Every structure is written in structure tokens, then in C-alpha cells.
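> The structure is given below, and queries will be raised subsequently.
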Amino acid sequence: MIHINQVTVRHGAQVLFSGANFQILPHSRIGLVGPNGAGKSTIFRLIVGQEAPDEGEVSIAKQTVIGYFSQSVGDMAGRSALEEVKAVSADVVRLGQEIAQMEAAMSKPMDADAMEKLLERYGEAMEQFEKRGGYDLEVRAQTILTGLGIGPDDYHRPVESFSGGWKMRIALARVLLQNPDVLLLDEPTNHLDVESIIWLEDWLLNTYEGALVMTSHDREFMNRLIKTIVAIENQTVTSYTGNYDFYEREREIRKENLVASFNRQQEKLAKEEAFIARFKARASHAAQVQSRIKKIDKIERIEIPAEQRTVRFQFNPPPRSGDEVVKFDHLSKVWPLMQGGEKLVFRGASGMIRRGDKIAVVGVNGAGKSTFLKILAGQTEATSGVFTLGTGVNVGYFSQHAMETLSPNKSIVDTLQEAMPEMNVGVVRNLAAAFLFQGDEVEKNISILSGGEKSRVALAILLAKPLNFLILDEPTNHLDIQSRDILLGALKHFTGTVILVSHDRHFLRSLATRVFEIDRHELRVYEGDYDYYLWKTKSV
């Protein structure tokens, strides 16, 4: 359907990638991976015609319908959520109207040639109308909205009353309803909770039959859906037949083979150059020397691509707390409503957090997970009940608000130095490198950083402090897979206590030793890891 042929893209003097070749065939499932700025979003823009290649071509089969979800939702106003989603299918509505007109025309007398042409067009229109789901448009729109967490009570709410994250869900629903031949999804899970991610995963696996091309920072989501990885790295585009885990393994194997070939070539070249240097002054060996010089010139040199170094920062062990980190008894929280009345978040929550616990707090969107963490962190008060911090507990709290507390006019290195005044600049730079800020990047001002980069700075500050109880609300938001792996490794080796909310199932599976679930205003404790919790609740 879509062929990327010898495509090169430059942004100014910078070459994003050169000579890219891959194709999107019917039913293919492709994951685009690569570091930030490598050109993943550029691939999407090339396909939808928002950008043109500097060299090569992007060829698309006629009548191929492409749906594109990006992180820019555009303006939304003047419609309800349901109407906004259905608006993407205006062409389907028009097609239905055209079918009705053709049916009316067919009831009137016409010559054979005209009838034949009309019937041919009618058959094509009917096929397209059915393919695009014209007969059940309303039901599918409602189903998709509900799956993404926007239920019947919100179908008819004005879109402008939704927050940015919820507008992203509406925009995603709009693209899914389109049911295109090729679905392009740029970070579709960014604003979804676990339940919505699981629903989307199931929809893409079992309902959507077209071709899928996507980027995602969610490793498990990629592994379940993707059959081919297209990696954009070091200005090249390389395909791997497998999911994300396969790609990681295969990339390491290819790298090892390349290094081995490079070393063999270097040994061979060294021998040839040694011969030339030894005999170049001897007339008796002139022919042999010239022959070897020509031979060396013809050799295609193997190059080892530059790679980002991975630096592991050794965090100082936090001070030991008491065995009982937090004890809470009959905690309840009620939020007052602006129009009067109250909203119950949860009630009667009782339990204990023990030293060394790594606890995942789970529950549907709006269940009260973040509110529970805020109470433990002292950011808000419980309506009733009590909680007690144990002896020697030093609390560190991370939420998306933590990024807003960073001084915009300070550099990364100055920000980290301020958090670690007793450490020398070498230690501070190592910390920065461990969170993927290397070389001159540490001199960047906070004001120009992306959301993911700010998250990394805030998390680095938190982990560098002498804290033994970390309360983390969505620490994986905005982080790419490499950054998530770095954070996961740091938390695994952290000898204190952690309680967190995250929608990354791989992260929860790899870290959690206990699970607190908030469901229907109640808190349930599961004395096992995340897989144990899923088994007990028979979740997917």
C-alpha cells in the first residue's frame, strides 16, 4: 500500500536519515523506534504529505485511507464529545447520502449504458460504506469513547469542557472510528490509564484489520501489538522482523557482529599498512607496494556508529527508616463540589507500608490513586482517619507538578548542583549522564526542555537526595523506553521504600512487590506482585 523508496530527509544541515527503504503492506504491524529527534514523527508527516522528502519518494496506492493520530489535537469547540468523534466520518455520511440518491435514480428509467455505470458506482459506494462502518457509525463511536474512558454521561458534554489529556482521548477516538486502511499512531498511550490501554490493545488486536504504524513508550504495548520494528538510528533506517524485545536482542547481536568485523578489518589493514611501511623504499618491492596501496584504497571501511553512552550512577544508600514506614487507619477523602454537595473519593482505607516495600497503587481513572498519594505525601489532608509516618522516614514526592517547580532560567547542571551542594561537578555530571544528559546538553536551560527531559531532571534530583520513602505519581509519563529503563533500574536498586502510580504495565511487573487497589471507593491490599494481582482479579 505504501512504499518508502530511498528517502532522505534533511532539516537544515542535519541529515535525519538517508536512503530509507521500507513498505507498509496490508495488515502489517510496524513499530517505529529511535531516540528523540531521530525522525520518527517525520516518517508520519511524510506519509500524510505534511512534509516532502529531500530525495527519494513515498508512493501510496490509490484510494488508500490513512488515519493519523498525533500529539497535536488542534482546535476542538462547538460540538459534543460524541459529535466531535463522528465528525471524522463526514465522508461516510456523504457516501450514505450518495447511495440514497443513486437508489432513487435507479428507480427511474434510463438507458442500459447509464444503468451499468450507475450500478458499478453503486457497488463501489456500497463496498466503501460497509467497509467504513457506515451502518453502525453511532454505536461504534459510543463504544470507542467508552473504551477510552469517556462514558455515556460525558457523550454530550461540550468538547471545550474537557482537559487537554481528555481531548487527546477524543482525538484518538476520532481516528479509530475512521477505521482507515493505514492507522498511524504517534504515542497513543501517553494520556491513557491502564484500563484504557488494555481496551485499545484489544481493539487493535481483535477489531482493527488494517495496517498499523505506531510509536509508543510502553514496552508491553509494543510487544503485544508489533510484528516489525523499523529503527531510525544513526541516520539510517533498519527493519527487524519481531517485537520490541526481539529488536533489542537482535540489535545487540548485530552490533557485536559489526564490532567483530570491524576488528578483523582493522587487523587486516594494519598488516597491509605494516608491509607498505616496511618495503615502500625498496625498488624490488615497488610493484607489490603499489598493488597493496590500491587494494587498501578499494576496501569499504566498516564504521562503528557513535552511540549514546549509558552511565550508571551509584546512588548513596538512603538512611535506614523504621520497619513500619506508614500506618494508616480508616482514611477517607471527600472533595467538595463547586455546585454544592460532595464527591466521595475513598473511605475506610486501612493498612501498613513496610520498609523495603515497592507498592503499586492501581485502579480505574478517577478512583483516587493520586489523592491517596497526596495524603501520604502531606500535600492534602484526609477528611477522616489517621496516618502515621514511622521513625526516621524521609519522604520524597514526585508528581507532574514537580516539573513546574524547576527554575526555568537555570541550566540542568546548575539545577542538579543546587540539589547536591556537597558534591563536586564530576559527580553532578555523572548523575546528569545517568539520566541521559551528556556533554554540552547539561548546559541547556530548563525553559527549553521537553516534558520528558524535565521529568528526568526532577527524578534525578529526587533520587540524589537522602530520602528513604519515595511517593511517585506517574513518574513514567513523558519518558521514552530508555529513560523508563534507567528509572526502573534505579528504583530496583533503591534500598528504601517506594509507592507509585504508573500506567506502564512492564514497569509495574518489574518493580511492584505489593499492590494497593482502589475500587468503588474501597482500598484492597494484595500481598503479591503485579502478576499476582492480575491473577487474583482475573485481569488481562
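All of the numbers you see were taken from the coordinates with simple rules; none came from a lab. Keep in mind the model is a prediction, meaning the values are calculated, not measured. When we count neighbours, we look across all protein chains shown, and the Cβ atoms used for this are built from the backbone with ideal geometry, even at glycine.
> Mind giving me the nanometre distance, one decimal, between the label points for Glu103 and Val259, set 7 Å out from Cα along Cα→Cβ?
Distance between label points: 6.7 nm.
> Could you order the peptides 315-321, 375-381, 97-103 from most to least packed, using the average number of other C-beta atoms within 10 Å per residue?
Numbers: 315-321: 15.0, 375-381: 16.6, 97-103: 12.9.
Result, highest mean Cβ count within 10 Å first: 375-381, 315-321, 97-103.
> I would also like to ask the following. Quick check: from the Cα gyration tensor, does the chain come out rounded (a/c under 1.5), prolate or oblate?
Details: a/c = 2.35, a/b = 1.03, b/c = 2.28.
Taking the square roots of the gyration eigenvalues as a ≥ b ≥ c, the chain is oblate.
> If one computes the Cα centroid of region 317-356 and of region 1-23, what distance in Å separates the two points?
Value for the Cα centre distance between the two parts: 52 Å.
> Which pairs in the list Lys369/Lys492; Lys86/Lys343; Lys454/Lys538; Lys86/Lys369; Lys131/Lys227; Lys255/Lys358 are over 30 Å apart, alpha-carbon to alpha-carbon?
Working: Lys369/Lys492 22 Å; Lys86/Lys343 32 Å; Lys454/Lys538 37 Å; Lys86/Lys369 32 Å; Lys131/Lys227 24 Å; Lys255/Lys358 35 Å.
Too far apart for the 30 Å limit: Lys86/Lys343; Lys454/Lys538; Lys86/Lys369; Lys255/Lys358.
> Which of the three applies to region 247-298, rounded, prolate or oblate, going by the alpha-carbon gyration tensor with a ≥ b ≥ c and a/c under 1.5 meaning rounded? If you can, show how the numbers build up before the last one.
Numbers: a/c = 7.56, a/b = 3.81, b/c = 1.98.
Prolate shape, in that a/c is at least 1.5 and a/b is the bigger ratio.
> For region 324-537, what D do you get in µm² per second when you plug the Kirkwood radius from alpha-carbon pairs into Stokes-Einstein at 4 °C and 1.567 mPa s? Don't skip to the end; give the middle numbers.
Details: Rh = 18.2 Å.
Translational D for this selection: 71 µm²/s.
> Assuming 0.36 nm per residue, please report the length gained on full extension of the stretch Phe246 to Met423 beyond their Cα-Cα distance.
Length gained, Phe246 through Met423: 59.7 nm.
> Sticking with this one: Hey, can you rank 81-93, 43-55 by average C-beta count inside 10 Å, highest first? Intermediate results must be reported in sequence, preceding the final value.
Working: 81-93: 18.8, 43-55: 16.6.
For the peptides 81-93, 43-55, the packing ranking is 81-93, 43-55.
> What is the dipole size for region 324-537, taken about its Cα centre, with +1 at each Lys and Arg Cβ and -1 at each Asp and Glu Cβ, in debye to the nearest 20?
Charge dipole, region 324-537, about its Cα centre: 460 debye, nearest 20.
> Using alpha carbons only, what's the Rg to Rh ratio of region 238-335 with Rh from Kirkwood? Let's see the in-between values first.
Working: Rg = 29.2 Å, Rh = 20.2 Å.
The Rg/Rh ratio comes out at 1.45.
> Also, quick follow-up: Determine the dipole magnitude for the chain: charges of +1 sit on the beta-carbon of Lys and Arg, -1 on that of Asp and Glu, nothing else is charged, the reference point is the Cα centre, and the result goes in debye to the nearest 20.
Details: 63 positive and 70 negative charges, 430 e Å.
So the magnitude is around 2060 debye.
> Where the convex hull is taken over the Cα atoms of region 76-177, what is its projected area averaged over directions, in nm²?
7.1
> Using 0.36 nm per residue, how much length does the chain from Ala274 to Ser350 gain when fully extended, once their Cα-Cα distance is taken away?
Numbers: separation 76, 0.36 × 76 = 27.36 nm, distance 7.67 nm.
Between Ala274 and Ser350, full extension yields an extra 19.7 nm.
> Let me have the relative contact order for the chain, percent, based on Cα pairs under 8 Å that are six or more residues apart. Display every interim value, and only then the final one.
On the way: 890 pairs, mean separation 76.0, N = 540.
Once divided by the residue count of the chain, the mean separation gives 14 percent.
> In what sequence, highest mean first, do 173-180, 147-154, 249-256 appear when ranked by Cβ atoms within 10 angstrom? Intermediate values should be presented prior to the final figure.
On the way: 173-180: 23.5, 147-154: 16.6, 249-256: 12.2.
Per-residue Cβ counts within 10 Å, averaged per peptide and sorted highest first, yield 173-180, 147-154, 249-256.
> Using every alpha carbon pair in region 195-245, what percent of pairs falls into each 5 Å bin from 0 up to the bin containing the largest distance?
P(r) over region 195-245, rounded to whole percents: 5, 17, 28, 26, 13, 7, 4, 1.
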